[in-house]
Number of protein chains: 2
Amino acid sequence: MGEFDLIARYFTRPPRPGGPTLLGVGDDCALVQPSPGHALAISSDMLVEGRHFLSTVAPDRLGHKALAVNLSDLAACGATPLAFTLALALPRADPQWLEPFSRGLLALADAHGCELIGGDTTQGPLNLCITVFGEVPLQQGRSLALLRSGARVGDDLYVSGHLGDARLALEVFRGQLSVPAAVFDAARARMETPTPRVALGQALRGVATAAADISDGLVGDLGHILRRSGVGACIEAEAALSVIAARDALDAEQALGFVLAGGDDYELVFTAPPDARAAVQAASAHSQTPVTRIGRIEADAGWRLVDAQGRALQRQDQAFDHFK
Amino acid sequence: MGEFDLIARYFTRPPRPGGPTLLGVGDDCALVQPSPGHALAISSDMLVEGRHFLSTVAPDRLGHKALAVNLSDLAACGATPLAFTLALALPRADPQWLEPFSRGLLALADAHGCELIGGDTTQGPLNLCITVFGEVPLQQGRSLALLRSGARVGDDLYVSGHLGDARLALEVFRGQLSVPAAVFDAARARMETPTPRVALGQALRGVATAAADISDGLVGDLGHILRRSGVGACIEAEAALSVIAARDALDAEQALGFVLAGGDDYELVFTAPPDARAAVQAASAHSQTPVTRIGRIEADAGWRLVDAQGRALQRQDQAFDHFK
């Protein structure tokens, strides 16, 4: 199978009539037109075997994950997904891999109305690079996108869904941890097929003051919000512990480490003023996405952990860094 | 040096005031707003060491080339460059490589007013994935982009600049060929720092009937135009031979092979009706880009080569294919 057969067979579908794509796969460029009064939100994520996924992952799950981690960035901005490009380096053109990979990829794309509009294929060590496009409304020339820079002292601090379970699954794969099979299966699904919180992100537009997606661990991605907003945060240990689905299978220290710095979560961390608590709950209900308040924004830079009595707990957790 | 220091030091610059970028590097997404009445043209190219560049290439030249091959796709659509994302897998964070790489990359970006708005960095086998964004005017809801599908029987067939010299340089690197030093130096510059024909592409809007960029060799990329337009082409051997700069250093057979199927040229192949010859020359002059008429579009599918007397010459040249 040649390069162009491969693209035609697995990665070419006609653009949706009336959608934002004027021209899809097959020319030098794709052509996309955002809705009137909207800006385009753009994000790019590259996945490398052994860093972002294990070589043993099922190809359909990998297809899902490659797009999910990109949709998660759109979710963090409150953007509506439109389209994506896929650049793929493959050791060889293997239909046994390409068929399920494209199936998993396109199933998630269809679920979000996000069209594959172009990309590139080349021979090389397995590498998946997706660039995703969404749109956010403009109001008087300013976008309504959720940014990392809007958190204010006194805001509540929230996370969506579950944190730490993906890391638990990784530690089991690494042979560092043993948990009951049902716990592992659930955690493995979190690691291999994360759910991008697209509907929640959109529902939080005009409600949240700042948001980021959690890919490198909670304290790392929260750190981006804190630095860009010029604030700090206090995290309540008990609340944080409540967001790991596998809580009962772990001791508290380990569970807390997975929540704070596990990585690969693809949940949202966001802030909103206390008078928006009802609006946050409404956004959670509307998007059918659990949301947990885990602390608050303070003036002192950095983050700190406190117990139920407000006493400081010492932690050394750090974000994942590819070059440290 | 950590991942975020690396991004801050080498790949972060503030968006140009009044430009299309509402939000640049540093949030979950970048925000881009095309001009009113324009669609966004999008293309993605992935470069892998050993496939698209030699491990010995100077990093500043590689930075130039990684963006140039993407700008070449915008050129083929007649789009005006706006912005790009860069996803980078690196074996290690080496300032000695990153500094010249980013310098070469951003110099070409600045020359085209194309802003770096985001991307990703990860540890892994060296891989560069750029997604580039341009804009093309819309007229009554239809874009004025140059497409591959518009060639018509009777059109002239043109190429820009020089073809085959990049392949010559590669063959010298491979030890398959020996040429005088000055010939090699010029060819090596064509291979390592190609010139994307952005100004020519824009000047050809409304003049050319079809266009494509030549990355996999002339007959391969011309083939895309022919198939999508439902036509064929006749190429005049003498005219084709005139477009390789190193013509005098090669025998005719070899030179013709490099022109027809050399690859890595990043020139444009395009078609225009005979009554547009003056307009094509004006576009060439306006963009200061040489253009050569090398044949014509015919009804019979596929392409054929003819001598000065119109007699058919047998050729087996094929496009480069990553998986064949």
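Here are a few things to note about the model shown:
- Sorted from closest to farthest, the other copies place their B:ALA312 label points 8.6 nm away, with each point set 7 Å from Cα along Cα→Cβ.
- Projected area averaged over orientations for the range B:61-108, convex hull of C-alpha atoms, nm²: 3.6
- For the range A:156-313, relative contact order (Cα pairs under 8 Å, six or more residues apart, normalised by length) works out to 42 percent.
- Partner chain coverage, peptide B:114-124 - average Cβ within 10 angstrom: 5
- Principal-axis analysis of the Cα atoms of chain B puts helix B:252-261 at an angle of about 50° to the longest axis.
- Its relative contact order, with pairs defined as Cα atoms under 8 Å and 6+ residues apart, puts the range B:200-280 at 52 percent.
- Residue by residue along B:33-43, Cβ atoms of other protein chains within 10 Å of the local Cβ number 6 on average.
- Label point 7 Å beyond Cα of B:ALA199 along Cβ direction - residues of the range B:214-247 with amide nitrogen under 16 Å: none
- Legend: ranking of residues A:SER149, A:SER160, B:SER287, B:SER35 from fewest to most surrounding C-beta atoms inside 10 Å; resulting order B:SER35, A:SER149, B:SER287, A:SER160.
- Percent of beta bridges antiparallel (DSSP, the range A:18-125, rounded to nearest 5): 20
- The range A:1-149 gives an Rg/Rh value of 0.99, both radii derived from C-alpha positions and Rh following Kirkwood.
- Cα pair count fraction exceeding 35 Å, expressed as % - the protein assembly as shown: 42
- Computed over neighbours whose Cβ is under 13 Å from that of B:ARG16, the net charge equals -1, Lys and Arg +1, Asp and Glu -1.
- In percent, rounded to a whole number, the relative contact order of chain A is 21, using alpha-carbon pairs under 8 Å and six or more apart.
- Stokes-Einstein diffusion coefficient of chain B, Kirkwood radius over Cα pairs, 10 °C, 1.306 mPa s, in µm²/s: 78
- Projected-area mean, the range A:156-313, by convex hull of Cα positions, square nanometres: 9.0
- Counting only the Cα atoms, the range A:84-196 fills a convex hull of 200 Å³ per residue.
- Listed from fewest to most Cβ neighbours within 10 Å, the set A:VAL259, B:VAL25 follows the order B:VAL25, A:VAL259.
- The Cys residues in chain A with no partner Cys Cβ within less than 4.7 Å of their Cβ are A:CYS114, A:CYS234.
- Net charge, B:ARG247 excluded, C-beta distance under 14 Å - Lys, Arg +1, Asp, Glu -1: -3
- What the Cα atoms of the range A:18-84 give is an Rg and a Dmax of 14.6, 44 Å.
- Cβ-defined net charge surrounding A:ALA182, 15 Å radius [Lys, Arg +1; Asp, Glu -1]: 0
- Basic side chains Lys and Arg get +1 at the Cβ, acidic Asp and Glu get -1 at the Cβ, and with that the dipole of the protein assembly as shown about its Cα centre reaches some 820 debye.
- Each copy carries a label point for A:GLY2 at 7 Å from Cα along the beta-carbon vector; from one copy to the others these points are 4.9 nm apart, nearest first.
- Farthest toward positive dipole pole in the protein assembly as shown [+1 Lys/Arg, -1 Asp/Glu at C-beta], among B:CYS234, A:LEU268, B:LEU23: B:LEU23
- The listed peptides A:232-245, A:172-185, B:67-80, ordered by packing as a protection proxy, come out as B:67-80, A:232-245, A:172-185 (highest mean of other Cβ atoms within 10 Å first).
- Full extension of the segment from A:SER178 to A:ASP110, taken as 0.36 nm per residue of separation minus the current Cα-Cα distance, would add 20.9 nm.
- Listing A:TRP303, A:TRP97 from fewest to most neighbouring C-beta atoms within 10 Å gives A:TRP97, A:TRP303.
- Relative to one another, the C-alpha centroids of the range B:108-173 and the range B:5-26 are positioned 22 Å apart.
- Nearest-ten-degree value, helix B:95-111 long axis tilted from longest Cα axis of chain B: 60
- Restricting attention to chain A, close to 75% of DSSP beta bridges with both partner residues there are antiparallel.
- Cβ-Cβ FRET estimate between A:ASP251 and A:ARG103, R0 fixed at 35 Å, reported to 0.05: 0.35
- Of all DSSP beta bridges in the protein assembly as shown, antiparallel share, percent nearest 5: 75
- The range A:259-317 shape via C-alpha gyration tensor axes, a/c threshold 1.5: oblate
- Test item: A:250-260 mean partner chain Cβ contacts at 10 Å: 0
Throughout, read-outs are computed from the coordinates displayed, never taken from laboratory work. Keep in mind the model is a prediction, meaning the values are calculated, not measured. Here the Cβ is made from the backbone with ideal geometry for all residues, glycine too, and neighbour counts use every protein chain on show.
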